[in-house]
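Here is the structure we will look at, set down as structure tokens.
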Amino acid sequence: MSTDTVTEQPLLSVRNLEKRFPVRGGLLQRPVGWVKAVDDLSFDLKRGEVLGLVGESGSGKTTAGRSILRLIEPTAGSIRFAGQEITGLATAEMRAQRRRMQIVFQDPYASLDPRQRVRDVIGEALVIHNIGSRADRRDRIAALLEKVGLSADAMDRFPHEFSGGQRQRIGIARALAVEPDFIVADEPVSALDVSVQAQVVNLLGDLQRELGLAVLFIAHDLAVVRYISDRVAVMYLGRLMEIAPSDSLYERPRHPYTMALLSAAPDPDPDAPKSRMLLDGDVPSPMNPPSGCVFRTRCPFALPACAEPEARALREVAPGHSVACIRDDVAPAMATGA
Amino acid sequence: MDADLTLDIRNLQTHFTADSGVSKAVDGVSFAVRRNETLAVVGESGSGKSVTSLSAMRLIPTPPGIIAGGEILFRGRDGQVRDLARISERAMRSVRGNEIGMIFQEPMTSLNPVYTVGDQIGEALRYHQGLDRWAARAEALAMLKKVGIPAAERRLDEYPHQMSGGMRQRVMIAMALACRPTLLIADEPTTALDVTIQAQILDLMRRLQEETGTSILFITHNLGVVAEVAHRVVVMYAGRIVEEGDVRSLLKSPKHPYTRGLLACMPHLGQRRGDGGRLYAIPGSVPSPVNRPAGCTFAPRCALAEPACLAAEPVLEPVGPDHSARCRRWRDVQ
């Protein structure tokens, strides 16, 4: 199951993570079933590494990010951060760890309190974690604002006075205020216009490198993910389908779902090959996922054996490249255009 | 209006009154959609692309909005040309949903949750084409099959919430095309969908257009989607058209610095960050529609801007066959 061959101790180690949500129904709103939003997710993240997490809606990527920070409680599995198991930690201990793990949210309009001045938006975490004196904090906030490309006098203004891109810069400054080692960036540029998106991606990339941050970069835009990530993980219906170094995943995808995702991404180049691998149908209901490989109901290459439990296993097929697919013959055939 | 045009918008002005002044959301926009053609209008938020399409459907909320000037010439099924900016609301009701089909971004908000999809598709057919209940139902079923909905007989009696986002968008398309419109206006129809579903819907729209010959006005912010569906493209920025042309020359050799910048700042699948690599980014942000800069509206963000650009707005001038750009320095855009 484990694919980790690194000698260096990973900063974050997630094993068999599961998050189930009850589905309530009937007159008494009793649980009538369960949805496994995240099912058996395992991966490692090194210090200073960017792992892209891609998937479509319902893939569980956002739930995974939030469970890892324990913003929602995982129902099973282990999360080790900097050598410490954090799944069982009490509130006070967790708060100490949380200083080192932060999140940047998707919607810069919803994630900033409209009644707080920017100074308080960013300063709140400093106060909670008891960092610096009052005067210190002001300087720190000014420095943070400049670091994310805003002027220091932005601190006395309210979020509504800023554009979407500027708000996302404020969100990044807030996450960086407590000097974390690890950031979950949950669709941080999806709500922004294309011209502004590039500014924010560049900023995140620069800061990540400068500060040596480990980042879990969650997104559905495959091109942005490749651009920023060292490694990429692909999720579908709560499960990990494929995980590999970026170049390997984009140039030699092994999972039919990854291939379909890559071929569906629209390319503005009119000369780009339009050999589309169109998937049939929709993602099945997560309440009743297919047995075996969860992708098999839409997979053009599915075999009867794909319905067996063994078809779920993630196998390493190249160094650092693991895939949950029993068909080794698909990728070579696709590559030669057969 | 030329005989091969379905829609001819001339000097459209759509304004909104706000506390801070009059916002010229659409400020003198002219373009035409030909028969059998998909015209994409591209732009970012605040460009006026959606207000343009809402104006063409006469769905601008008044007040605060008003179509302050210009013509929206539309050729109906009978070949007659009418100015939609001038006709009565009553006359417009017989055009909307009948001769002009509409698809919006979020199908859940455009579909009525308390009626079955069969009833909703049938309603337009009964209202506009005077079909009886059974004929409308049969036609609705045929449309659901046409847009590729599996088990259409069963789906006909389902409600929108029982369907996935992709299925709902197929229902919207079935509804929009049920009355055989001459023009389909699609405002970000795939933006809320996942990429694999988006690919299905774009494929469907292309196929249906080939079959029916309907003209499509396709509003989007995504240049990748433009390359997939459009024959011609209009690029809008701050309420104005900045570039227009056939899809190939516009995407291959853009002549306006804004279009060029938009293309450059989209990472493509093969692009790696590598060491120290950065994405091209257009500095600054879109100007406020109430207080636009004089001269070229893009000049404050443009690397090629010179004093003359700030003094007077450039005209939309031809830069090639079926290709024009509003930039005095278009020859320098590489």
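Does segment A:267-318 hold any residues that are within 14 Å of chain B (Cβ to nearest Cβ) and of a type in the set (V, I, T), and which are they?
A:V283, A:T297
Just give me the residues in segment B:131-156 being outside any helix (DSSP H, G or I) and modelled with pLDDT of 90 or more, in sequence order. Give the derivation first.
Taking segment B:131-156 as the starting set, the residues that turn out to be outside any helix (DSSP H, G or I) are B:131-132, B:147-151, B:156.
Of everything in segment B:131-156, those that are outside any helix (DSSP H, G or I) and modelled with pLDDT of 90 or more turn out to be B:L131, B:D132, B:L156.
Looking at (1) in a loop (DSSP other than H, G, I, E, B); (2) in contact (Cβ under 8 Å) with a residue 12 or more places away in the chain, which one does A:A110 not meet, given that it meets all the others?
Among (1) in a loop (DSSP other than H, G, I, E, B); (2) in contact (Cβ under 8 Å) with a residue 12 or more places away in the chain, A:A110 violates only (2).
In segment A:26-106, which strands (runs of 3 or more DSSP E) lie fully inside it and hold 3 or more residues that are over 23 Å from A:I243 (Cβ atoms)?
On the way: elements: A:30-45, A:50-54, A:76-81, A:101-104.
Per the criteria, A:30-45.
Identify all residues within segment A:224-250 that are open to solvent by 10 Å² or more (accessible area, probe 1.4 Å) and out of contact with any Phe, Trp or Tyr (no Cβ under 9 Å at 6 or more places or on another chain); write none if there are none.
Within segment A:224-250, A:D230, A:P245, A:D247, A:S248, A:Y250 qualify.
Would you point out the residue of segment A:210-223, among those that are out of contact with any strand residue (DSSP E or B) (no Cβ under 7 Å at 6 or more places or on another chain) and modelled with pLDDT under 90, that is farthest from the other protein chains (Cβ to nearest Cβ)?
The extreme case among them is A:D221.
Somewhere in segment B:256-271, is a residue more than 10 Å from chain A (Cβ to nearest Cβ) and among the charged types (D, E, K, R)? Can you show your working first?
Initially, segment B:256-271 is screened for residues more than 10 Å from chain A (Cβ to nearest Cβ), giving B:256-257, B:259-260.
Filter once more, keeping what is among the charged types (D, E, K, R): B:260.
Scanning segment B:256-271 turns up at least one residue that is more than 10 Å from chain A (Cβ to nearest Cβ) and among the charged types (D, E, K, R).
Does segment A:153-174 hold any residues that are hydrophobic (A, V, I, L, M, F, W, C) and either part of a loop (DSSP other than H, G, I, E, B) or open to solvent by 40 Å² or more (accessible area, probe 1.4 Å) (or both), and which are they? If you could, list the steps in order and put the result at the bottom.
Step one: of segment A:153-174, the residues hydrophobic (A, V, I, L, M, F, W, C) are A:154-155, A:158, A:162, A:170, A:172-173.
Once the filter is applied, which keeps residues that are hydrophobic (A, V, I, L, M, F, W, C) and either part of a loop (DSSP other than H, G, I, E, B) or open to solvent by 40 Å² or more (accessible area, probe 1.4 Å) (or both), segment A:153-174 yields A:F158, A:F162.
Per-residue answers, yes or no, for (1) at pLDDT 95 or above; (2) assigned to a helix (DSSP H, G or I); (3) on the phi > 0 side of the Ramachandran plot:
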residue	(1), (2), (3)
A:R298	no, no, no
A:C306	yes, yes, no
A:A311	no, yes, no
A:S322	yes, no, no
A:C325	yes, no, no
A:D328	no, no, no
A:P332	no, yes, no
A:A338	no, no, no
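Looking at A:D230, A:D181, A:D193 in this structure, which one is without any contact (Cβ under 8 Å) to a residue 40 or more places away in the chain and acidic (D, E)?
On the way: A:D230 fails: without any contact (Cβ under 8 Å) to a residue 40 or more places away in the chain; A:D181 fails: without any contact (Cβ under 8 Å) to a residue 40 or more places away in the chain.
Exactly one of A:D230, A:D181, A:D193 is without any contact (Cβ under 8 Å) to a residue 40 or more places away in the chain and acidic (D, E), namely A:D193.
Any idea which of B:G21, B:G46 is at positive phi, small (G, A, S), away from every other protein chain (no Cβ under 14 Å) and open to solvent by less than 70 Å² (accessible area, probe 1.4 Å)? Before the answer, list the steps.
Values: B:G46 fails: away from every other protein chain (no Cβ under 14 Å).
None of the other options fit; the residue is B:G21.
Please go through (1) in a loop (DSSP other than H, G, I, E, B); (2) buried (at least 16 other Cβ atoms within 10 Å of the Cβ); (3) out of contact with any strand residue (DSSP E or B) (no Cβ under 8 Å at 6 or more places or on another chain) for B:P254 and return the number of the only condition it doesn't satisfy.
In the conditions (1) in a loop (DSSP other than H, G, I, E, B); (2) buried (at least 16 other Cβ atoms within 10 Å of the Cβ); (3) out of contact with any strand residue (DSSP E or B) (no Cβ under 8 Å at 6 or more places or on another chain), B:P254 misses (3) alone.
Going by the conditions given, is A:G83 loosely packed, with under 12 Cβ neighbours inside 10 Å, within 23 Å of A:G65 (Cα to Cα) and in contact (Cβ under 8 Å) with a residue 60 or more places away in the chain?
Numbers: loosely packed, with under 12 Cβ neighbours inside 10 Å: yes; within 23 Å of A:G65 (Cα to Cα): yes; in contact (Cβ under 8 Å) with a residue 60 or more places away in the chain: yes.
It is true that A:G83 is loosely packed, with under 12 Cβ neighbours inside 10 Å, within 23 Å of A:G65 (Cα to Cα) and in contact (Cβ under 8 Å) with a residue 60 or more places away in the chain.
Can you find, within segment B:292-304, the residue that is nearest to B:G239 (Cα to Cα) among those that are within 14 Å of chain A (Cβ to nearest Cβ) and open to solvent by 60 Å² or more (accessible area, probe 1.4 Å)?
For segment B:292-304, the residue satisfying everything is B:P300.
In segment B:208-229, what residues are within 14 Å of another protein chain (Cβ to nearest Cβ) and open to solvent by less than 10 Å² (accessible area, probe 1.4 Å)?
Taking segment B:208-229 and keeping what is within 14 Å of another protein chain (Cβ to nearest Cβ), we get B:218, B:220-229.
Listed by number, the residues that qualify are B:F218, B:T220, B:L223, B:G224, B:V225, B:V226.
Is it true that A:P253 is at pLDDT 90 or above, out of contact with any Phe, Trp or Tyr (no Cβ under 6 Å at 6 or more places or on another chain), over 28 Å from A:L150 (Cα atoms) and not charged (D, E, K, R)? Working first, answer last.
Values: at pLDDT 90 or above: yes; out of contact with any Phe, Trp or Tyr (no Cβ under 6 Å at 6 or more places or on another chain): yes; over 28 Å from A:L150 (Cα atoms): yes; not charged (D, E, K, R): yes.
Yes, satisfied.
If we keep just the residues of segment B:157-190 that are assigned to a loop (DSSP other than H, G, I, E, B), more than 11 Å from chain A (Cβ to nearest Cβ) and out of contact with any Gly (no Cβ under 8 Å at 6 or more places or on another chain), which is farthest from B:E44 (Cα to Cα)? Working first, answer last.
Of the residues in segment B:157-190, the ones assigned to a loop (DSSP other than H, G, I, E, B) are B:157-159, B:163-164, B:179-182, B:188-190.
Now drop any that are not more than 11 Å from chain A (Cβ to nearest Cβ), which leaves B:157-159, B:179-182, B:188-189.
From the residues that got through so far, the ones that are out of contact with any Gly (no Cβ under 8 Å at 6 or more places or on another chain) too are B:158-159, B:180, B:188-189.
Details: B:E158: 36, B:Y159: 33, B:R180: 31, B:E188: 12, B:P189: 15 Å.
The selected residue is B:E158.
Being hydroxyl-bearing (S, T, Y) and within 11 Å of chain A (Cβ to nearest Cβ) is the requirement here; does B:S249 meet it?
Working: hydroxyl-bearing (S, T, Y): yes; within 11 Å of chain A (Cβ to nearest Cβ): yes.
So B:S249 fits the description; yes.
Yes/no matrix, rows are residues, columns are (1) part of a helix (DSSP H, G or I); (2) of a type in the set (V, I, T); (3) within 13 Å of chain B (Cβ to nearest Cβ):
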| site | (1), (2), (3) |
| --- | --- |
| A:V196 | yes, yes, yes |
| A:Q208 | yes, no, yes |
| A:Y227 | yes, no, yes |
| A:V232 | no, yes, yes |
| A:A244 | no, no, no |
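The values are calculated or read from the model by the stated rules, or taken from the named source; none is laboratory data. Nothing here was measured: the structure is a model prediction, and the numbers come from that model. Cβ sites come from the backbone with ideal geometry, for glycine too, and all protein chains shown count toward neighbours. Just the protein is used for accessible areas: all its heavy atoms, side chains included, with ligands, DNA and RNA removed. Shrake-Rupley method; radii C 1.70, N 1.55, O 1.52, S 1.80 Å.
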